[in-house]
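Structure record follows, encoded as structure tokens.
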Amino acid sequence: MGQPGAGAPLFFPELTAGCDVMPRDVEGELILFLEHVAQVRRGPLHLCSAFNAVYFGFDLDLGTYGTGILDPDMFTLLRPGGRDPLPPVGSFVRVERGTRSLWGEVSASFGASPEVEEDGWVPGALSGAPCTGEMQDTFSRAVIDWDVLGALTAAEHKELARMRRSPVGVVDGRGHVMGPLHAGGSVSGRDHSGLYRQFLLGPGRRLLAAGSLGTLLQGPEGVVAAERALQVCFETLAELMRRAPGLAVWDLYAQPLDRHQQFASGPVAKELTDRVARPAPGGTPRYTAVWPLLTGWEREVGDEHTLALTAAGSAVVDANLVLASTVVDGRVRRNVDLRIDDSWQQGGIWRAQGLPVDAVLADCDPLIPAGLGHLEHLRPEPAAEQKAPEEASVVRVEHLDEALLVVSVALSGTDLAAGLLPLSGPVMALLGGGPLTVELHHSGQHLVRDLATQVTDRALDGLAPMRWPDSFYPGIKITVAAARAGRQIIATTSLLPEPVLVGDRPLAWDFDPGLLAAAWGLPALAPPGDPGVVVPRPVHGGYRPPVTALEKLIVAALLRDGRVGPARSRSLDGLQLSAAMFGPDVVSPPLLWTVMHTCEDMAAAGLLTRTTVAHAGVLPDVFTWWPDTEEARQARQIAEGADAASRQIRHWRRPWERRLPDGYRATPAAQERYARWRLEVDGPDADTELPPGHTFVRGHRRGQGQAPAWHQHLYR
């Protein structure tokens, strides 16, 4: 399998369709290419730089971008003073110094808050604090690769050294750029993948237009198509990086595996783990940042180049990989819980706490940043009375990140009778203040309005008052989800495949057998049948992975609020669906894309259908639930057939008449092709004469020249 020629882009059309449809040979070639790019680059390979490598062309022999696509006039100008928002990772930048220009690429970026102590101690309020375009006092450190657009000359090296020594230069002493958070509008300052896509569709559109996706940028509908294509490209590349056997991946960064192993086997790695995995006195949580620890060791060894230039990005990624492997392999010191709390600020903030942990953390992935430090600062944990074990509801956290909380609750007989939705104190601390709205869905049963939408408030150990349907019984399981700091909660039960007979009563909904047996005075019961929960699938999507625990809640929201379609189907687009589930006032980009990627995963599994053609230039896509009826199956086949045609259109350039320069005319072959096309499309009465001064360009698959006619591909 060969590698591309010097600087040739390796952009395959399959990147816009996803890994699931990518031929194995194409996947293998791309993975091998990404591994080689990571090997020859200085510093880590970020997802945005991986896109640049395949889209603009990366010369593996020279270790630089080697095509004529990149226009330096489109590079972001870095000015001294540190007042301009820093560009996102992947951005090409330039510095003007008299008659000389220095060019580079942002290869890494992370928060640089001055509130962190030199020993790495972090105030809890900082860990996971939101980063929006309005927060101009939130500073970042951008790591620039100054050699990736061509090795610096001796004169350029001297110029960069002068800038590093200057107290008012563009860069600091390490060759990095410090500045305020990128003002990204609705995109979080932590989401450099989203920020870079936003840049390419806005100020950097000329850069994007020079490559393979440039043909999509025609009119408002074209921008929507390009936005969707970019999103899928980034998701596909993120998945390829995860699949690459020669890469060690942390967040959206990748290091060559052999290079990382050298760091992991060194003395810094062991000391790093010992320093970070130390709770505060009494076992309470301690938050420790990675970057100050690295700078401390730099001072200890007296090597000012240890964290200079791109070496800083490599050190940050290597350090986080060491800590992550320590957690995954179970090598944390005894009686200590270690987990990432913020993957962006100060290169990463880790949380160490003495065991046991509370209910919020017991079942949460320790490598998903939850931002607990900031939430603990905003809302201290309330005290809660403990019930006897046989009376206590079972509350389990299914998913937790900085945007979303999903909990499963098995209702005890006591809480059912008391009208309480039991939630532990730490869980309630993650919800918004004031009255809360609970949108209750009872699978397979219609609820009257007063039951379906209830306004409730905080009680001692949950939310009350709650009116439960008469068909509820002790031990019934409910899945509950809310946006972090949100005031709308969505909850749903789950139907069993077949009712379970307990005594003489058939039970239709999933339940906890221990709670039911205790409440009804029965001997031990066998667990009920599988309620149809989808087996977790491989995670896709770089920025916000899908959450399997959301699937039944998404179906519930579609059934409640979806637009009625053919055969009583229900449809909503991603933004409407997020608003229906969590309220319109808290639909943040992270939450929206979590819902979107979960819906896409459900569509891939056949649980929903997805309409991929945007309506009136508006994203996100529309998702549809179908009932289990013969009429719905037929309607779904028709809808999926139409959608398959629309997907083909996305990869095909339509036939069109192209204007010729003055004095030129179409060849007889082009005139013949045009006439044949008009007859095929419009029938025997079609006007087959090509307008003067125009030629005919036949429809073709993007990037593959003029293939068979566009409409023939759709219907063959």
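The values are calculated or read from the model by the stated rules, or taken from the named source; none is laboratory data. Since this is a predicted model, take the numbers as computed values, not measurements. All Cβ positions, even for glycine, are placed from backbone atoms using ideal geometry, and neighbour counts span all protein chains on display. Side chains included, ligands, DNA and RNA excluded: accessible areas come from the protein's heavy atoms. Shrake-Rupley method; radii C 1.70, N 1.55, O 1.52, S 1.80 Å.
Just name the residue that is nearest to VAL438 (Cα to Cα) out of those in the range 454-471 that are hydrophobic (A, V, I, L, M, F, W, C) and part of a strand (DSSP E or B).
In this case the residue turns out to be VAL455.
Could you tell me which of the residues GLU689, GLU672, GLU680, GLU600 is open to solvent by 20 Å² or more (accessible area, probe 1.4 Å) and either of a type in the set (Ser, Thr, Tyr) or at pLDDT below 75 (or both)?
Testing whether each residue is open to solvent by 20 Å² or more (accessible area, probe 1.4 Å) and either of a type in the set (Ser, Thr, Tyr) or at pLDDT below 75 (or both) leaves just GLU680.
Going by the structure shown, is LEU207 aliphatic (A, V, I, L, M), farther than 18 Å from ASN320 by Cα, open to solvent by less than 60 Å² (accessible area, probe 1.4 Å) and out of contact with any Pro (no Cβ under 9 Å at 6 or more places or on another chain)?
yes
Which count do you get for residues in the range 150-177 that are within 20 Å of CYS48 (Cβ to Cβ) and open to solvent by 40 Å² or more (accessible area, probe 1.4 Å)?
Qualifying residue count, the range 150-177: 0.
Residues of the range 310-342 being in a loop (DSSP other than H, G, I, E, B) and modelled with pLDDT under 90, which ones?
If the condition is that a residue be in a loop (DSSP other than H, G, I, E, B) and modelled with pLDDT under 90, then ASP329, GLY330, ARG331, VAL332, ARG333, ARG334, ASN335 are the ones that fit.
Out of curiosity, is VAL40 modelled with pLDDT of 90 or more, β-branched (Val, Ile, Thr) and open to solvent by 30 Å² or more (accessible area, probe 1.4 Å)?
yes
Taking the conditions exactly as written (crowded, with 20+ Cβ neighbours inside 10 Å and touching an Asp or Glu at 6+ places or on another chain (Cβ under 6 Å)), does HIS192 satisfy them or not?
Here the answer is no, as HIS192 does not meet what is asked.
Are any of the residues in the range 314-328 open to solvent by 50 Å² or more (accessible area, probe 1.4 Å) and on the phi > 0 side of the Ramachandran plot?
No, there is no match, as no residue in the range 314-328 is open to solvent by 50 Å² or more (accessible area, probe 1.4 Å) and on the phi > 0 side of the Ramachandran plot.
From the residues in the range 499-526 that are among the charged types (D, E, K, R) and open to solvent by less than 50 Å² (accessible area, probe 1.4 Å), which one is farthest from LEU411 (Cα to Cα)?
ASP510
Find the residue count for the range 216-247, including only residues that are open to solvent by 10 Å² or more (accessible area, probe 1.4 Å), in contact with a strand residue (DSSP E or B) (Cβ under 6 Å, 6 or more places away or on another chain) and in contact (Cβ under 8 Å) with a residue 24 or more places away in the chain.
Residues in the range 216-247 being open to solvent by 10 Å² or more (accessible area, probe 1.4 Å), in contact with a strand residue (DSSP E or B) (Cβ under 6 Å, 6 or more places away or on another chain) and in contact (Cβ under 8 Å) with a residue 24 or more places away in the chain: 1 in total.
Mind counting the residues in the range 19-31 that are under 21 Å from TRP250 (Cβ atoms) and more than 20 Å from the chain's Cα centre (by Cα)?
2
Within the range 619-626, can one find any residue that is modelled with pLDDT under 85, surrounded by 16 or more Cβ atoms within 10 Å (Cβ to Cβ), among the charged types (D, E, K, R) and assigned to a loop (DSSP other than H, G, I, E, B)?
yes
Filter the range 527-570 for residues that are more than 30 Å from VAL249 (Cβ to Cβ), open to solvent by 50 Å² or more (accessible area, probe 1.4 Å) and in a loop (DSSP other than H, G, I, E, B); which is modelled with the lowest pLDDT?
Selected residue: GLY532.
With (1) among the basic types (Lys, Arg); (2) assigned to a loop (DSSP other than H, G, I, E, B); (3) under 24 Å from the mean Cα position of the chain (by Cα) as the list, and ARG174 as the residue in question, which single condition is left unmet?
Among (1) among the basic types (Lys, Arg); (2) assigned to a loop (DSSP other than H, G, I, E, B); (3) under 24 Å from the mean Cα position of the chain (by Cα), ARG174 violates only (3).
Being farther than 30 Å from PRO130 by Cβ and either open to solvent by less than 40 Å² (accessible area, probe 1.4 Å) or in a loop (DSSP other than H, G, I, E, B) (or both) is the filter here; which residues of the range 482-498 pass it?
Within the range 482-498, THR493, SER494, LEU496 meet the criteria.
Give LEU252, LEU294 a once-over and let me know the one that is buried (at least 19 other Cβ atoms within 10 Å of the Cβ), closer than 30 Å to LEU372 by Cα and touching a Cys at 6+ places or on another chain (Cβ under 8 Å).
Result of the check over LEU252, LEU294: LEU252.
Give me the residue from the range 1-37 that is at pLDDT below 90 and of a type in the set (Gly, Ala, Ser) and, out of that set, most open to solvent (accessible area, probe 1.4 Å).
That would be ALA6.
Considering only the range 199-217, how many residues are in contact with a helix residue (DSSP H, G or I) (Cβ under 9 Å, 6 or more places away or on another chain) and outside any helix (DSSP H, G or I)?
Going through the range 199-217 one residue at a time, the tally reaches 5.
List the number of the failed condition for ALA614; all other conditions in (1) modelled with pLDDT of 80 or more; (2) among the aliphatic types (A, V, I, L, M); (3) within 43 Å of the chain's Cα centre (by Cα) hold.
Failing condition for ALA614: (1).
Output yes when any residue across the range 82-98 is of a type in the set (Gly, Ala, Ser) and free of Cβ contacts under 8 Å to residues at least 12 places away in the same chain, and no when none is.
yes
Restricting attention to the range 470-479, report how many residues are within 22 Å of ALA580 (Cα to Cα) and open to solvent by less than 10 Å² (accessible area, probe 1.4 Å).
1
Going through the range 471-528 one residue at a time, which ones are closer than 21 Å to ARG560 by Cβ and not hydrophobic (A, V, I, L, M, F, W, C)?
Within the range 471-528, SER471, LYS477, THR479, GLY486, ARG487, GLN488, THR492, THR493, SER494, ASP510 qualify.
Being in contact with a strand residue (DSSP E or B) (Cβ under 8 Å, 6 or more places away or on another chain) and open to solvent by less than 20 Å² (accessible area, probe 1.4 Å) is the filter here; which residues of the range 261-277 pass it?
The answer is VAL276, ALA277.
Mind telling me which of the residues ALA248, ALA238, ALA225 ends up being in a helix (DSSP H, G or I) and out of contact with any Gly (no Cβ under 6 Å at 6 or more places or on another chain)?
Going through ALA248, ALA238, ALA225 in turn, the sole match is ALA225.
Give the residues of the range 329-346 that are open to solvent by less than 10 Å² (accessible area, probe 1.4 Å) and acidic (Asp, Glu), sorted by residue number.
ASP341, ASP342, listed by residue number.
Looking only at the range 373-395, which residues are modelled with pLDDT of 85 or more and within 24 Å of the chain's Cα centre (by Cα)?
The answer is GLY373, and nothing else.
What tally of residues in the range 156-184 results from selecting those that are modelled with pLDDT under 85, among the aliphatic types (A, V, I, L, M) and more than 26 Å from LEU195 (Cβ to Cβ)?
1
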